[in-house]
Structure formats: C-alpha cells, structure tokens
Amino acid sequence: MSTQPQLPRHDLLIDGKRLPPGTGEYSTDINPATELPIALVAQGSAADVDLAVSAARAALKVWCGLRAAERGRILYRFADLLEANQEELTALESLDAGKPLAAVRRQDMPAVIDTVRYYAGWADKINGQVVPTRPGALTYTVREPVGVVAAIVPWNFPLMIGMWKIAPALACGCTLIVKPAEITPLTALRVGELALQAGLPPGVLNIVTGKGSVVGNALVAHPGIDKVTFTGSPGVGRGIMQGAAANFKRITLELGGKSANLIFADANVDAAVRAAASGIFFNAGQVCSAGSRILAQREVYDEVVEKLAARAASIRVGDPAAPDTTMGPLVSSTQMKTVLDYVEIGKREGAIAVTGGERVGGKGYYVQPTVFANVGHEMRVSQEEIFGPVASVIRFEDEADAVRIANGTAFSLAAGVWSADIGRVHQVAAELKAGTVWINTYGHTDVRLPWGGAGDSGLGREHGDAAIDNFTEPKAIWLSLRQ
Ligand code: NAD
C-alpha cells in the first residue's frame, strides 16, 4: 500500500473529461513481466455507466449531424495522432499486456493505424440505394447509425481489437462506450484522449474502466445502449447474448478458437513448421485464431513434431522490452495457472510434452513454449481453448480424416492447410468449418477481410464492409409521386 500513492492514477473518460469513479475505488494494474504495480485504475460502476450512456446519447446528435466527410477528416487526424504517438502507445501496451515491444511496433501499431485510415475512408461512402419497386413511387434506402455502442474488449490485443470496434462505429456516425479488459486498460484511455485531440466531440468516445461483472454487465443491461460488440470468451459471450435479449440489442460476438493447421505429406514441411510455430507461439499463444491444433499427416508426423519442438525451444522468452525477446509473459497469474493446469491435464490424458511445459523463473508470468505429441482428437488439450503457448500435434491419415478432426470441435474461427496440391487445398478449404482459411501460410489478418466465426467462435463478422453493416440500420423510404 505504501507504494500506491506514487503510482499514476487513471480516471474514467466520460463526456470529454477525466472523472473519478463514483465509488472512489481504484484497482492496481500489474506489469505481467515483473508482477509489480504500474498504475491505479478507476473501478467504474453502474452509475458511471449511466453517465457515459447519457453523454453518448447526447453526442449522437452532434456526431451524426456532422457532414460525413468531416467525420472522415477527424478520423484521418486521429490516425495521424496515433502514428505520431505510436512509440508511447507501444511502450504502454507492452508494459500493460507483457507483449514484446518489437511485436507491438511491427504488428499491433501498424494494424491499429491502418484500421483507422481504412474506416476514415468509409465515412463518406456509406450509401443507400434507389430501389425500383413500381411506377409512381420513389423507393430508396439510407443507412443510419445504429446508435450508442458498447464495445467490450479483451486483454490479448487491447489496442488492435479495440480499434476494430471504435473506428468503424465512428465512421458510421455511432457514439461509443468502450470497456477495456480490467487487466489492460491503459492504452484505451490514451486512445480516448488522442481522439479528443483529433477533434472528436466530447461524449462521442467514452472509456469506462472496471470489472466485466460490473461495468460490462451494466452496459449490456442498459436500455440506452443499442448495440454491443464484444470480443472475449464464449462463456461471457453467451451471457451477453442473453442480456442483450431484454431490449433486442444488436450484438456482434468474436469468441474463442481451437484452430487446426493441417500439414499434408506433400507440403513444404519446413515452411509449414515455421508458420505453425508462429501460429501458436505468437503473443504467447494468447490469440483467438492461434493454430493450437497442428494436424500432421502420418508420413511427416515425426518430422513435424521434431522440427516444431526445435523451433519452440529456440524461442527467446523474456523481458518484453529486450529487443531480441520473441515471447513475453502471459498476461496474468490466472492465465499462467490455466495454461500450466492444461499442461498437467494433457500429460494425464497421455499426451507427451516433447518440449516445454514449465514456468520460466519465479517472477513474471512466463511459461515455456510447449509442444504436445501423441495427442488424441478427443483429449481436452485437443478440444478446449488453452489460450497459451501450447501446441497439440495430432496425426491424421488422409484428407477425409484431416477434415473430420479439424471440424470436430465446438469452434470455427480459423484454419490452415499446407499442401502442394492445388486441387486439394481448395477442396479442403471448402470443407473446413472456419471463418478464415489460410493456404500455405498462417495467421495473417487484414481489416479489409471479414473476421469471425460461428458456433463457440461467435456471431457475425468484423472488418471490411461487414463492420459497416454492424454499425448501421437500413431504412426504407417510400415516396408516392402522385397522390
Ligand atoms: P473475457 O470474456 O473474460 O473478457 C473479455 C471482456 O469482457 C473483458 O473486457 C471483460 O472485462 C468483459 N467481461 C467479463 N465478464 C463480463 C460480463 N459478465 N459482462 C460483460 N462483460 C464482461 O475474455 P478474456 O479472458 O479477456 O479474453 C480471452 C478470450 O477472448 C479467449 O476466449 C479468446 O479466444 C477470446 N478472443 C477472441 C477473439 C476473436 O476475434 N474471436 C480475439 C481475442 C480474444
């Protein structure tokens, strides 16, 4: 407690102002690399959510009353400010989430800025249509902003996933209340300030930090919210869907994954293993589309296991700020415990940890990159999302067997296929139950392509024009030319 007064204190951002939480309570934000406190963060309450919703409702008229091109211009300025402040945001994201600085600089920040510029370009291109119905009538459609949006964001890519929601919602003329994950709130607050600096009117983008069970719940239950866009776990997603039913809020859910990466015997095995390793170990495996099941055909199974284990063992796990670090800590002690528990579950089920499986050091939430061989399709490590650096390598016989195993979980977010046979890759891509299929590559995302899945992977799609549909309501207008 004695160190707490020196920690920076972060208030809520409501109606363009930094406000202390109604309850006066702050939580201690922890650096996952050191386990030391880095900041005190406002614990928002239902009363704070009320304030933010009122501000966002009032700002709706202002924001969608602007010329569409002016909204675009503000978004371009926002992107420029994010770019100008990218080193500060990178450092903050790395500190808060334990991500290697180099990875945030190379991947997260460019994607964040690209997302804002992409949707800035959309702002004045959200057109309706004139639809020919019958003589004597002018019938046309317009697309109106859906209204006030609650964006509930997870901790694995706080900046990037946050911006996947903020940028299209703003382009469509919506106003937002963003609730970052309680353990990674810092960059969202800074983004909110930069948006104000870019000229976003007060109340258009509000940031309410705090617990999911308090702030998240209050947002989902609030009658003044028109749409909830959520990325997170399937359990919370299910609760949001039920809560949103009360006043039929629109929802988009991006949930978990247990994505399969299929390596056929005729594939370039070295390239496949290289991509499979980054597919599961990038961001310490805390990626919804992580290729956590690596399916290798019988003829190359041993080679894949051996080469993947060698790659895993060569990953430099350590201080996120060090330039040569390729894997940082997991985000929290809870997440570390979950992952280590799954390692034990896998061993008990008969999987063999050919490398890894242990915590690294005694401080910071570091876990070794782990490769499980001898994994059966029915095992829990093959069926359940671990959300950590644990690869399960599963053997398959032929194409039908590979597709059966790949499609045999509750998830359907993404998949990969590796083969030199052009006919086979298209055939298998068609048969895979997945929102995204990568062929002879793994893990790329681009805001121009739809992103999401079905089943336990969620509902609806983000990115591209799908996000424009998510944040607008079509209206049909019928005018009689003669009375
Ligand atoms: P989580 O579901 O625990 O939390 C996500 C967000 O929901 C947080 O902001 C949290 O505070 C909030 N929340 C928690 N309880 C809530 C409630 N009752 N009502 C409203 N909001 C609530 O998930 P997490 O642990 O932060 O993230 C990991 C999960 O997210 C994994 O399952 C992962 O697969 C998934 N994920 C999916 C994608 C995707 O695009 N599909 C991307 C990243 C993460």
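I'd like the carbon and sulfur percentage of the solvent accessible area for segment 1-121, probe radius 1.4 Å, heavy atoms only, ligands and nucleic acids excluded.
After summing per-atom areas, the C and S share lands at 58 percent.
Would you tell me the accessible area of residue 479, worked out with a 1.4 angstrom probe on the heavy atoms of the protein chains, in Å² to the nearest 10?
80 Å²
Select from 103, 277, 170 the residue farthest towards the positive end of the dipole of the chain; place +1 on Cβ of Lys and Arg, -1 on Cβ of Asp and Glu, and compute about the Cα centre.
170
Treating only the Cβ atoms of Lys and Arg (+1) and Asp and Glu (-1) as charged, compute the dipole magnitude of the chain about its Cα centre; round to the nearest 20 debye.
Computed charge dipole of the chain: roughly 1360 debye.
Is segment 173-267 best put as rounded, prolate or oblate by its Cα gyration tensor, with a ≥ b ≥ c the root eigenvalues, rounded for a/c under 1.5, and otherwise prolate when a/b is larger than b/c, oblate when not?
oblate
Taking only the alpha-carbon positions of segment 260-439 and ignoring solvent, what does the Debye formula give for the base-10 log of I(q)/I(0) at q = 0.13, 0.19 Å⁻¹?
For the requested q values the scattering log ratios are -0.59, -1.23.
Would you please report the Å³ per residue occupied by the convex hull of the alpha carbon atoms in segment 92-144?
Residue-normalised Cα hull volume stands at 110 Å³.
Quantify, in whole percent, the carbon and sulfur part of the accessible surface of segment 294-409 (1.4 Å probe; protein heavy atoms only).
48 percent
With a cut-off of 8 Å between alpha carbons and a minimum separation of six or more residues, what is the relative contact order of the chain in percent?
18 percent
Once phi is turned into θ = phi - 60°, what whole-Hz ³J(HN,Hα) does the Karplus curve with 6.51, -1.76 and 1.60 give for every residue of segment 310-323, x standing for Gly and Pro?
3J(HN,Hα) across segment 310-323, in whole Hz: 5, 5, 4, 5, 8, 5, 8, 8, x, 3, x, 7, 6, x.
How far, in degrees from 0 to 90, does helix 46-65 lean away from the longest principal axis of the Cα atoms of the chain, to the nearest 10?
The helix 46-65 is inclined about 60 degrees to the chain.
Positive end of the dipole of the chain, charges at C-beta (+1 Lys, Arg; -1 Asp, Glu), about the Cα centre: which of 36, 346, 91 has its Cα farthest in that direction?
Selected residue: 91.
Step through the residues of segment 337-350 one at a time and calculate ³J(HN,Hα) from phi using the Karplus curve (6.51 cos²θ - 1.76 cosθ + 1.60, θ = phi - 60°), rounding each to whole Hz and writing x for Gly and Pro.
5, 4, 5, 5, 5, 5, 4, 5, 4, x, 5, 4, 6, x
With every protein chain present, what accessible area does residue 139 have (1.4 Å probe, heavy atoms only), rounded to the nearest 10 Å²?
Surface accessible to solvent at residue 139 totals approximately 10 Å².
In whole Hz, with x marking every Gly and Pro, tabulate ³J(HN,Hα) for segment 80-90 from phi via Karplus 6.51 cos²θ - 1.76 cosθ + 1.60, θ = phi - 60°.
My calculation for segment 80-90 gives 4, 5, 4, 5, 5, 10, 5, 5, 5, 5, 4 Hz in order.
Hey, what's the Kirkwood Rh for the chain if you take every pair of different alpha carbons, in angstrom?
Here the Kirkwood hydrodynamic radius works out to 23.3 Å.
Taking a probe of 1.4 angstrom, what is the accessible area of residue 477 in Å², to the nearest 10?
Per-residue accessible area (residue 477): approximately 50 Å².
Can you list residues from other chains, or at least 5 along the same chain, whose modelled amide H is less than 5 Å from the amide H of residue 39?
Residues meeting the amide H criterion: 29.
Report, to the nearest 10°, how far helix 269-281 tilts away from the longest principal axis of the Cα atoms in the chain, using its own Cα long axis and a range of 0 to 90°.
With rounding to tens, the tilt is 50 degrees.
Order these peptides, 244-250, 68-74, by their mean beta-carbon neighbour count within 10 angstrom, highest first.
By packing density, highest mean first, the sequence is 68-74, 244-250.
Past the 32 Å Cα-Cα mark, which pairs from 347/433; 17/211; 61/258?
From 347/433; 17/211; 61/258, over 32 Å: 61/258.
If the cut-off is a Cα-Cα distance under 18 Å, which aspartates and glutamates reach residue 249, setting aside same-chain residues fewer than 8 apart in sequence?
50, 144, 226, 462, 469, 473
Just to make sure I understand: if all protein chains stay in place, what is the order of 160, 109 by accessible area at 1.4 Å, largest first?
Highest to lowest solvent-accessible surface, that is 160, 109.
Taking amide hydrogens as modeled 1.01 Å from N in the peptide plane, which residues meet the under 5 Å criterion relative to residue 355, leaving out close sequence neighbours?
Under 5 Å from the amide H of residue 355 lie the amide H atoms of 371, each far enough along the sequence or on another chain.
Would you calculate, for the chain, the mean residue ellipticity at 222 nm contributed by helices, counting each DSSP H stretch of 4 or more residues as -39,500 (n - 2.57) and dividing by all residues, to the nearest 500?
Computed ellipticity for the chain at 222 nm equals -11500 deg cm²/dmol.
Under unit Cβ charges (Lys, Arg +1; Asp, Glu -1), what dipole magnitude, rounded to 20 debye, does segment 260-439 have relative to its Cα centre?
The calculated dipole for segment 260-439 is roughly 540 debye.
Treating the angle as unsigned and between 0 and 90°, give the value, to the nearest 10°, between the Cα long axis of helix 158-171 and the longest Cα principal axis of the chain.
Taking Cα atoms only, the helix is inclined about 30 degrees.
Take the alpha-carbon centre of segment 291-335, take the same for segment 113-159, and report the distance between them in whole Å.
39 Å
For residue 137, what residues show an amide H to amide H distance below 5 Å, using hydrogens built from the backbone and excluding near sequence neighbours?
For residue 137, whose amide H was placed from the backbone, the distant partners under 5 Å are 481.
With every protein chain kept in place and ligands, DNA and RNA left out, what is the accessible area per residue of segment 367-460? Probe 1.4 Å, answer in Å².
38 Å²
The values are calculated or read from the model by the stated rules, or taken from the named source; none is laboratory data. Small disclaimer: the values here were computed from a predicted structure and weren't measured. Neighbour counts run over all protein chains shown; Cβ positions are idealised from the backbone, glycine included. Areas reflect the complete protein model, heavy atoms only, side chains present, ligands, DNA and RNA absent. Shrake-Rupley method; radii C 1.70, N 1.55, O 1.52, S 1.80 Å.
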